[in-house]
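The next block holds one structure in the form of structure tokens; read it before the comments.
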Amino acid sequence: MLAEFLLGPLRAKVLSAILLQPDQPWHVRELARHLHAIPGSVNRELLRLAEVGILVRHNIGNQAHYRPNPACAILDELIAMLRKTSGVASELAAALQPLAARIQSACIFGSQARGTETSYSDVDVLVLGSVSLDDVVAALYPVQQALGRDINPVVYSPAGFQAKLASGNAWAHEVVRNPKLFVMGADDDFGKLVKGPAIAGAQT
């Protein structure tokens, strides 16, 4: 994936864990366990990232903890790249891949897509296709366990979601209007799926 190509696999994982959960301070061994990585390697990455100003280090007792550095000039750009390429979206995509033949579009919406999430935020996922909710829940459960946060999938057929929009449902219109992180498909694909004849007529 792009983040791993540009940053290297371990650095991308370290930055994803820290920058995408900014209210969660990490110490070396805790982060190494989370990433299933060697503590010495994780420590070297953390030290380098602190040296260049992407992270800040502070001590709690005898442990060094790391957080995003709000003064870093490229912090927002890094977070945006990681959110799109190396964060939760890529894990969800891998989990949903066995169901890909029955999924036409899948995206994260809500606080995770807006960039206002905390480490306690749920991950809201909209899936459009012929797949069942039970199958999606089962596929995403291992990711939920690994992340330690709830994943809330909402599943519709494209026609069902079009009908929701055509009825003036506020939630559906909010999903369409607000930022989304695409897990399967892209923005153009999603737009074509949700803009059925009933929606086109309602917008003219």
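Considering only residues that are in contact (Cβ under 8 Å) with a residue 40 or more places away in the chain and aliphatic (A, V, I, L, M), look in segment 8-50 and name the one that is nearest to ARG114 (Cα to Cα).
Applying the first criterion (in contact (Cβ under 8 Å) with a residue 40 or more places away in the chain) to segment 8-50 yields 12-13, 15-16, 18-26.
Of the ones still in play, those that are also aliphatic (A, V, I, L, M) are 12, 15, 18-20.
Values: ALA12: 21, LEU15: 19, ILE18: 17, LEU19: 14, LEU20: 12 Å.
Among residues in segment 8-50 that are in contact (Cβ under 8 Å) with a residue 40 or more places away in the chain and aliphatic (A, V, I, L, M), the one nearest to ARG114 (Cα to Cα) is LEU20.
Identify all residues within segment 139-181 that are under 18 Å from LYS195 (Cα atoms) and among the acidic types (Asp, Glu); write none if there are none. Walk me through how you get there before you give the answer.
The first filter runs over segment 139-181 and keeps only residues under 18 Å from LYS195 (Cα atoms), leaving 155-180.
GLU174, the sole residue that qualifies.
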Please count how many residues of segment 165-195 are under 12 Å from ALA106 (Cβ atoms) and in contact (Cβ under 8 Å) with a residue 60 or more places away in the chain.
9
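Since every read-out is calculated from the coordinates, none of them should be taken as a lab result. Since this is a predicted model, take the numbers as computed values, not measurements. Please note: Cβ atoms are built from the backbone with ideal geometry, for glycine as well, and neighbour counts cover all protein chains shown.
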